[in-house]
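Accompanying notes for the structure given below.
The values are calculated or read from the model by the stated rules, or taken from the named source; none is laboratory data. It should be emphasised that the depicted structure is a prediction, and the values quoted were computed from it without experimental measurement. As a convention, Cβ positions derive from the backbone with ideal geometry for all residues, glycine included, and neighbour counts pool all protein chains shown. Protein only, heavy atoms only, side chains kept; ligands, DNA and RNA dropped before computing areas. Shrake-Rupley method; radii C 1.70, N 1.55, O 1.52, S 1.80 Å.
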Amino acid sequence: MADHFSGPRALADPASDITDVYAFPSPERAGHLVLALNVFPIAAPTALFSDALVYRLRLRPVTATSADGRPAFVPGAEEWTLDVRFAAPAADGVQTGTCTTSGGAVVPLRFGDEEPAESAGLRIFAGQRLDPFFIDLAAESANHVVERLTFKEHGVNTGDGANCLSIVVELDVAAVLGPDAGPLLAVVGETITAGGHPVRLERMGRPEMKNFILQDKKFDPVNRDMELRDLYNAEDAFDLGPAYLGAYRTRLNANLPFFDRLDGAIAWPPDDQGNHPLTEMFLADFLVVDTSKPFTEGSFLEIERAVLAGRPHTTCGGRPLNDDIVDILYTLLVGGVDGAPISDGVDQAARPATRRFPFLCTPNPEPPDLPSVLAGAAAPAEDVTVS
């Protein structure tokens, strides 16, 4: 699942577990950018945000280039942050919080308030929502077991009906970031311990980076016994440290070819040193959104694919809420820049997101519990067939 349960620490602390990050121009208001940070997978109806964490959204200007035929996304030094913190619930159960910008604006908010908090060029919602992510996780997992495509024409959405906790921020780009910001921005979501010695617990840019691309260890010739995801989560997405960079690169160079050969053909031949053509692009692990383009669904990875193909991008990129990121990602990894479409058989959520703030649907009053969701995702390899 996109970033659900993305490591041992995330499994142990669901309040810090980022499930998804989204970034897209507002379909309602020109010149506004929408950022969504979802946490707490399979949230129970009583779930609240942690008062011991900072829920952070980070943005930097980014330059898209191509050097030696390889895509590169280089973030600038300037950075804008949005920090959302919550108090412990009051005696009546109400939870309040604040959103603080790097420019010093402080916007108070209230958990679950359908009337968004508005101030300083910001519109903010925080509360429980229906998880918009969709995937046939059993079939995706089976691909790794049998090392071939097992998707069927009609898949089963593993997390159908599950809820999460959502922070949705719509910001006036010129007012909050400045008139010269962008238009190309890199976006990352993080959960960080609050207090004098902050520790990054989770971070997310592109979906499925950890659970698709980094998780599988069996192809890694060097770090086969190493669980990299907690280490990766602790890294600064805009400035990877040198200590484990070689391990991440080795894992990507081992796992990306696995996806490439799932259809029996090779779209991404490695270079003479065994480096996969997509490794460096994925190590620059953040969403890339163009704030000058109008809202467009289906734009996930379009900017990255354009750079790979050496052509101008035509959409806003980023990640809109209803984008079928599993199909888009598999199509790129398996078939190349303009490969034949690949589908996991789940094309949308049962209740797609709307085009009105806060965009995510109201929560399911009777969500499934975690054991039933995970049990539904387990499919024996011998039961899967190639579609």
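Figures for the structure shown
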read-out	value
Subset of segment 179-200 that is part of a loop (DSSP other than H, G, I, E, B) and of a type in the set (A, V, I, L, M) - its residue that is surrounded by the most Cβ atoms within 10 Å (Cβ to Cβ)	181
Per-region count, segment 122-148, residues part of a loop (DSSP other than H, G, I, E, B) and open to solvent by less than 30 Å² (accessible area, probe 1.4 Å)	6
Segment 14-42, residues that are touching a Pro at 6+ places or on another chain (Cβ under 9 Å), assigned to a loop (DSSP other than H, G, I, E, B) and over 24 Å from residue 93 (Cα atoms)	27, 30, 31
When residues of segment 160-178 are limited to those that are touching a strand residue (DSSP E or B) at 6+ places or on another chain (Cβ under 7 Å) and farther than 30 Å from residue 137 by Cβ, the one surrounded by the most Cβ atoms within 10 Å (Cβ to Cβ)	171
Residues of segment 310-332 satisfying the condition of being assigned to a helix (DSSP H, G or I) and open to solvent by less than 10 Å² (accessible area, probe 1.4 Å)	325, 326, 329, 330, 332
Set 45, 61: member being assigned to a strand (DSSP E or B) and at negative phi	61
Pairs, first within 15 Å of residue 213 (Cβ to Cβ) in segment 320-332, second aromatic (Phe, Trp, Tyr), C-beta under 6 Å, six or more apart	325/300; 328/300
From 288, 307, residue being buried (at least 20 other Cβ atoms within 10 Å of the Cβ), within 18 Å of residue 64 (Cα to Cα) and either in contact with a Leu (Cβ under 9 Å, 6 or more places away or on another chain) or aromatic (Phe, Trp, Tyr) (or both)	288
Per-region count, segment 209-237, residues farther than 20 Å from residue 17 by Cα and of a type outside the set (A, V, I, L, M)	8
